[in-house]
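Only the coordinates and a few stated rules stand behind these numbers; no lab work does. From a predicted model like this one, the values you see are computed outputs, not experimental measurements. We place every Cβ from the backbone using ideal geometry, glycine too, and count neighbours over all the protein chains shown.
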Amino acid sequence: MDEKLTPAMRQWRRVKDQHPGKIVLFRMGDFYEMFGEDARIAAEVLEIALTTREKNKVEPMPMAGIPYHALEAYLGRLIRAGFRVVLCDQVEDPATAKGLVRREVTRVVTPGTALEEGVVEASQPVLLAAWCPGAESAGMAWADLSSGDLVVWLSTASEAQDRLRAVGPAEILHPEGFPAPEVPGATVTPLPAAVFHPRDPREALCRRFGLPAGLPGLPPEREALGALHAVLDYLQDRGAKVLKPPRTEVPGTSLVLDEATRRNLELVASVETGGRKGTLLEAMDATLTPMGSRLLRDWLLAPSAQREEILHRQGTVACWLSNPQNLRTVRERLRGFPDLARVTARLGAGIATPRDAAMLREALQRLPGVRECLAAAGGVPGALSREELTGWAARLAQVLEECPPPHAREGGIFARGWNAELDALRDLAENAHAAILEVERRERDRTGIASLKVRYNKIFGYFLEVSRANLGRVPPDFERRQTLVNGERFVTSELRDLEARILSARADREALESKLWTDLQAELAAVLPVFREAAGALAREDVLQGFAHLARARAYTRPEVVDDPVLLLEESRHPVLELDSRHQPFIPNPVRLDTSEDQIVLLTGPNMGGKSTYLRQAALIAIMAQTGSFVPARMAVTGLADRLFCRVGAGDSLLRGLSTFMMEMTETAAILRNATARSLVILDEVGRGTSTYDGLAIAWAVVEALRGGEGGVGCRTLFATHYHELTELGKTLPGVRNLTMGVREHEGRVVFLRTVEEGAADRSYGIHVAELAGVPARVVERARAILSRLEARRAGLSLESAPPGRPRQPNLFPGEGGAEEARVLAELRAVDEGTLSPLEALLLIHRLRKKLGLPS
């Protein structure tokens, strides 16, 4: 260690060495200071001044600081930026410390363990995951400290990575030396491999963390148990007490939505901004509690695939709708309800404050009003009826001050009348000034010295000060302590005893109040499961009353949920776009998908005609139905889906080294590999990222594969395309139906009707869209001229030259005639068209056009 460092800086260096890779906030007086690289990072992230310590040195130490009273705000910014933070606090009073103030690490806060109010957003879950790769499989475990959920998962490495992205943890633990999975926005924390691979993982989990012998219900593989061990080890001092027993996620219990589908449908995050504005979550969030909002997010990312569960949720929604006054009442009583789940989590993590105890008291006191509404809406969940909830509501009302301080060290936590010893110490400490004044008054009366005063300083404590003119009146029991120019200072035995009692009372009060606070937290920790279950039940009821509120306000209908693979909607609407006041009134449309005549819908139509909107609204309504919500339609029958795939939009994934077309093909391949007959598939513009005929061939083959039959999937599919040739399948293949987005031309203007009609489009109106987008008129006119030539060439008509007066463009179309053309004609004459499939015919045309030098 550098001998030139000051004692305080040696303290900081020891902490920094013990916590590599973390930012150390080092308490010095009224500030938390950061040094070295920590200071540089903090200055940039927190936008605070970067200065230096000991400026006269050749290489002064960078330094930055934040006020201690603003810790939560700055800490939150560091955590949201993905940093792990160590808090090193002063653990003794600097005023009474002898020499260097003692400092200790009081908290380690990371993105996956942050629970402090103001540090993590109330609507966001706090998720920590561990990744343990093996030779043929990968184990995962993740913990939600807010809800207490602890889940273990085992699958192939690729499936596990996709599941991990679906979970969306804030922090991922992984073994050193192994690459971490790529999850957008997650902080990666490497740990020693031994944490993931204890010698006997079963014995370690049972002995260290008290799990039941045999680990019932958990996968036996070492990868899964290793991931679970890593999570529990990491949380041992950060919140493991609040977790429920670990469970394995059972396949088939929820609708599987892969990363691409969640992104393309913008379920909880906008593709454009990353925020929730414009998402399905924003449109559906009528919850009134933070835990309800978080649970809604979970339901949207993993809708139920169990019909009984969905029907039960629908039944609760219907009960709320049947009594509008009760619905209004429960919403009033839930508004502003404390975050019971997070308070419980902080109690379990040992970081609760007196304000948290007050929030718990408020939540428990407000529960009876909510229970009253629930009883009128079909019944009160057992988790909200426990006797402990009522008992602790009364206990905390008796114990706590009305407005306790934000930090325990400030004192004043407990109400008067609860602890007699504390009241006596508090009276003595708080009435010290009055007692001193009483001594001063009595000594003035006894001595006749009107100017006598009782004063205090740190060296002598309390003393009596007498001016030089009155020294002759000082009685014999005054003990001289100090002589001054203008007088002298004295003490008496009474004043000495009073000082001892005052100082002792303050210290004793602080010690007793600290002990009582520790005892109270221990008592509350014993009933944490009761509070956690109540928070979960309340969150569920909050989501369901929110569904009822939306159904009533937006004229949603109750979908009939069936086992058959169908999706039948009448007058369906997009749940997000219909709320956008910038748009014209939303035009509703029907959706019909089944496994007979309408298994696959091929949707064509003009650019900007509404194809993508139609596809997305069908997918979003299917998801809403499986969360238990009512849906925006006049009538709805939704068949349970096991998986929903949505491939729409385009965009290069440069960070992953994938082009637009490669991304498209990767997502399409995943659909063809994983879709089943019970899946719902949404595909938009498959094949557009490559040449026309390559793209058409791929799109054609994908439709055939999804249709079923020999080796096919046979799932419900909405397939939007610009390849008008593809609509031939709607005429030749059973179960494939052609629909188009309505459009009309009137006096040279194109009108998009936004309605779905039978049939196939013959034009895309791309040039009209370019004109609407503001493409210069000369470019639009030139495009029209070229389009006319292309269409004429396709029809076998002669081509005219460009209009006079314009610079002649390079000829796009080679001339006719010659030996090659003759060979092509001969080949055409030899073809037996009756033996060609539509796709083979198209490929033949493509090959012959290439021979003639024509564009594909």
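Mind ordering 199-207, 283-291, 325-333 by average Cβ neighbours within 10 Å, highest first?
Result, highest mean Cβ count within 10 Å first: 283-291, 325-333, 199-207.
Output the relative contact order of region 461-536, whole-number percent, from Cα pairs under 8 angstrom with separation of 6+ residues.
The normalised contact order for region 461-536 reaches 25 percent.
Taking a cut-off of 16 Å between Cα atoms, list the lysines near Lys611, but don't count ones fewer than 8 places away on the same chain.
none
Calculate the length of the line joining the C-alpha centroid of region 435-485 to that of region 566-603, in whole Å.
What the calculation gives is 91 Å, centre to centre.
By counting other Cβ atoms within 10 Å of each Cβ, how are Ser679, Ser514 ranked from fewest to most?
Ser514, Ser679
How compact is region 541-677 by the rule of thumb for globular proteins, expressed as Cα Rg over 2.2 N^0.38 Å?
The value comes to 1.17.
Tell me whether region 127-249 comes out rounded, prolate or oblate; compute the Cα gyration tensor, take square roots of the eigenvalues as a ≥ b ≥ c, and use a/c under 1.5 as the rounded threshold.
Here region 127-249 falls in the rounded category.
Amide H to amide H under 5 Å from Ser137: which residues, 5+ apart in sequence or cross-chain, H placed 1.01 Å off N in plane?
Here the answer is none, since no amide H 5 or more places off falls under 5 Å of that of Ser137.
Using Cα pairs closer than 8 Å and at least 6 residues apart in sequence, work out the relative contact order for the chain, in percent.
In percent, rounded to a whole number, it is 9.
Picking from Leu683, Leu644, Gly65, whose Cα lies most toward the positive end of the charge dipole for the chain (charges on Cβ: Lys, Arg +1; Asp, Glu -1)?
Checking the options against the dipole of the chain, the answer is Gly65.
Restricting to Cα pairs below 8 Å that are 6+ residues apart, what does the relative contact order work out to for region 127-249? Please round to a whole percent.
The normalised contact order for region 127-249 reaches 34 percent.
Apply the a/c threshold of 1.5 to the C-alpha gyration tensor of the chain and tell me whether it is rounded, prolate or oblate.
Cα axes put the chain in the prolate bin.
Among the aspartates and glutamates, which have Cα under 14 Å from the Cα of Lys453 when same-chain residues fewer than 8 positions away are ignored?
Glu438, Glu440, Glu443, Asp445, Glu465, Glu488
If packing is taken as the average number of other Cβ atoms within 10 Å across a peptide's residues, how do 80-86, 166-172, 620-626 rank, most packed first?
Order by mean packing, descending: 620-626, 166-172, 80-86.
Could you state the number of Å between the C-alpha centres of region 737-783 and region 664-728?
So the two Cα centres are separated by 24 Å.
Determine ³J(HN,Hα), in whole Hz, for all residues of region 286-294 in sequence, where each value follows from phi through the Karplus function 6.51 cos²θ - 1.76 cosθ + 1.60 and θ = phi - 60°; x replaces Gly and Pro.
Working through the residues one at a time gives 10, 6, 10, 10, x, 5, x, 5, 5 Hz.
Hey, which lysines would be in cross-link range of Lys4, C-alpha to C-alpha under 30 Å, not counting anything within fewer than 8 residues on its own chain?
The qualifying lysines are Lys16, Lys22, Lys55, Lys57, Lys98.
Positive end of the charge dipole of the chain (Lys, Arg +1 and Asp, Glu -1 on Cβ, about the Cα centre): tell me which of Val780, Pro216, Ala302 has its Cα farthest that way.
Ranked along the dipole, the leading option is Val780.
Magnitude of the Cβ-charge dipole of the chain, K/R +1 and D/E -1, about the Cα centre, nearest 20 debye?
The calculation lands at about 1660 debye.
Arranged from highest to lowest average of other beta-carbon atoms within 10 Å per residue, in what order do the peptides 733-745, 385-397, 768-780 appear?
733-745, 385-397, 768-780
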